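Presented below is the structure to which this report refers.
The values are calculated or read from the model by the stated rules, or taken from the named source; none is laboratory data. Note that the structure is predicted; figures quoted are calculated from it, not measured. Glycine also receives a Cβ, built like all others from the backbone with ideal geometry; neighbour counts cover every protein chain displayed.
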C-alpha cells in the first residue's frame, strides 16, 4: 500500500512531541501515513498556513480554533480540534528582581499553591502587573487572567497581558517590558538557565487538567478526507501513549533535542518530560508530577466542554456574551470525529462528550463504554466548576 | 481616515526595508513608516495608527501583532488580518510570497490591491534570494568536502586529481549515493582514524 502523505506544522515546544514521535517512531507509517513536518516561525503563521491549506493539520494552541469560531484574531471559523495533544505544560516565571522581592516578603516558592503564589505576586508587583504570554489566544492568557482576577486583581486596570514570543521573552524582561511570563516548556527552564528569571508556579496548580495543545485541522480537509483524519488521530494517539510511558522518556528527550525538531539540549527537555524543574539559578528543584500529561485519563479526548470553557473565558475578556460564545464554539472540539477514529481500536471512550470542568477533586471513575475509565483530578485552584450548556 | 493610506513595514534588516519602501513608493502615494525594533512592537504600531501593516511571515515577532486584532477601546481601530477577507486569492498569494498584511477594518480591497501587489513582488524576490543563498552555501560546502576527499584519495592511492574524482564518483554510483555524501563519509571516517 502506498503511504498517503499528510503535511503538518509545529512550533518547537516539548508538547509538539506527539507529532514528532508519530513520525519518528513509525506510528504514522503503521497507519499508512507519510508525515511531512515543518517548523513554523509563529503561531499566527502556523494558523494562517493551516487556514489557507498549505498544511493539512497542525500542533495548535487549544484556544485558536475557538477564537476563530468567534471571529477573533482576523480568522473566522474553519478550524477544528480533532484531538487534544497535551494537558498542562506551562509555567509562570518572574523576573529575578521580582523574585527577590517575593523572597524578601517571605514567599516560600513552594510551587504547588496557586493562591499563596498569586497573592504574594499581587502584593509584591508594581501595578499594573505586566505578564508576557506567547499568544493572545492561548491557555497561557486564559489561565493568567483566571488566576489573578480570581484573586482580586482587576483586569485590565492592574493587569496587562502582553504577547511576547517565548524566544524573545528574555529580551522583553531585560528591556523592562514585562515583569513576569507564562510559557510552555522548555522556555520556562530556558529562562532559568539563561538567568533571566525564576519559576513561580506550574499552571497545573491553577487548573489541574487544562487542555493545552490540540491537533488542529481545516474543516474542509476533515470533510474531504475523513479516513485520513482518522488515521492521523490514531497514529498520534499511539505516539501519546508511548510518550506517557516512563521508559520512553530518555529516548523522547534525545529525539526532540535533534536540530530538525527542537534543537535544544536534551537535558533541558528531560526536565519537562520528567516533571522535575530547576526553578532558580542556584539550582532549587521542584517535582511537578502533573506538569504535562500526554495520555492518562482520556487526556487526548476533545471534550466539547473544554471548548465551551475556553470560549466563555475568552468572551468575558473581549466583551462578548459568554453563553452565546460557548454555544458558537463548542463544536470546534470534534469529539465526534475522535470517536469515529478510536472506535475500531477498542479503547475505552467516555460515555458523554461534555463534562463539568473542575468538578473532580480526586481521580474518579466515570461512565464509559467499557466502564473502566478513570478521569484525573481537574479542579481549579479556587474550586470553581464550569457547567457545560449540553452534557 | 486621511486620504493618503499609511503603511507600517515591520522589518529589522535595513536594506530589505528600504527596498520594500521603494517599491511601495512606486505603487502609489503612501505614508510609510518602518519599524525595525521588536520590543514593544504592538505598542509602536498602535501609536502610528496605520491602515496597513506589512510583516515578513517568517518573522517570529508576528505574534505580537495579533494583539492588534483585539483592540476594543473606543479610540482604537480594530485591525483585521487580510487572509480571510479576500475573494480574489490575493491573500493566498501574499502568504505564499512570504508576506502577511494586517489591515484596518473597512478598508476597500481596491485601495489595498496595489500595496499588496507591490509587496508580493518584493517578497517573492526576497524568497528567491533566500533560496539561492541557501543553495549556494550548500554547494560551496559540498565543494569543500569533495575537494578534501579528493586530496585524501590522491595522497593515499597516488593518483591524479581526475582519477581521484572518478574513484569517488564510482563509489557513489555503486552505493546509489551522491558524490558529496561519499566524500563527507570519507572525510568523517578519516577524521576518526587520524
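In the range A:167-180, what count of residues is obtained for those that are in contact (Cβ under 8 Å) with a residue 40 or more places away in the chain and either under 21 Å from residue A:63 (Cβ atoms) or within 21 Å of the chain's Cα centre (by Cα) (or both)? Qualifying residue count for the region: 2.
Scanning the range B:23-42 for residues that are in a helix (DSSP H, G or I), surrounded by fewer than 13 Cβ atoms within 10 Å (Cβ to Cβ) and free of Cβ contacts under 8 Å to residues at least 60 places away in the same chain yields a count of 1. For the range A:181-209, which residues satisfy the criterion of being more than 25 Å from residue A:358 (Cα to Cα), within 15 Å of the chain's Cα centre (by Cα) and in a loop (DSSP other than H, G, I, E, B)? Correct list: A:186 only. Annotation: of all residues in the range A:155-175 being assigned to a loop (DSSP other than H, G, I, E, B) and within 10 Å of residue B:39 (Cα to Cα), the one that is farthest from the other protein chains (Cβ to nearest Cβ) is A:164. Confirm whether residue A:106 is in contact with a helix residue (DSSP H, G or I) (Cβ under 7 Å, 6 or more places away or on another chain), more than 14 Å from chain B (Cβ to nearest Cβ) and at positive phi. Answer is no for this residue. Check whether at least one residue in the range A:326-333 is over 21 Å from the mean Cα position of the chain (by Cα) and surrounded by fewer than 23 Cβ atoms within 10 Å (Cβ to Cβ), and report yes or no. Yes, some residue in the range A:326-333 is over 21 Å from the mean Cα position of the chain (by Cα) and surrounded by fewer than 23 Cβ atoms within 10 Å (Cβ to Cβ). For the range B:161-174, give me each residue that is over 19 Å from residue B:192 (Cβ atoms) and in contact with a helix residue (DSSP H, G or I) (Cβ under 7 Å, 6 or more places away or on another chain). If the condition is that a residue be over 19 Å from residue B:192 (Cβ atoms) and in contact with a helix residue (DSSP H, G or I) (Cβ under 7 Å, 6 or more places away or on another chain), then B:161, B:164, B:165, B:167, B:169, B:172 are the ones that fit. No other residue among A:8, A:70, A:98 is crowded, with 19+ Cβ neighbours inside 10 Å and within 20 Å of residue A:181 (Cα to Cα) apart from A:98.
Among the residues of the range B:29-51 satisfying the criterion of being at pLDDT below 90 and touching a helix residue (DSSP H, G or I) at 6+ places or on another chain (Cβ under 6 Å), which is nearest to the other protein chains (Cβ to nearest Cβ)? Only one residue tops the list, namely B:42. Quick check: anything in the range A:38-50 over 27 Å from residue A:142 (Cα atoms) and away from chain B (no Cβ under 11 Å)? Among the residues of the range A:38-50, at least one is over 27 Å from residue A:142 (Cα atoms) and away from chain B (no Cβ under 11 Å), which makes the answer yes. Quick check: anything in the range A:130-143 within 14 Å of chain B (Cβ to nearest Cβ), out of contact with any strand residue (DSSP E or B) (no Cβ under 7 Å at 6 or more places or on another chain) and buried (at least 16 other Cβ atoms within 10 Å of the Cβ)? Yes: the range A:130-143 contains one or more residues that are within 14 Å of chain B (Cβ to nearest Cβ), out of contact with any strand residue (DSSP E or B) (no Cβ under 7 Å at 6 or more places or on another chain) and buried (at least 16 other Cβ atoms within 10 Å of the Cβ). Is it the case, given these coordinates, that residue B:133 is within 30 Å of residue B:19 (Cα to Cα) and touching a residue at least 12 places away in the same chain (Cβ under 8 Å)? Answer is no for this residue. Just one of the listed residues (B:132, B:141) is under 30 Å from residue B:9 (Cα atoms) and assigned to a helix (DSSP H, G or I), namely B:132. All conditions in (1) under 17 Å from the mean Cα position of the chain (by Cα); (2) surrounded by fewer than 18 Cβ atoms within 10 Å (Cβ to Cβ) hold for residue A:154, with the sole exception of (1).
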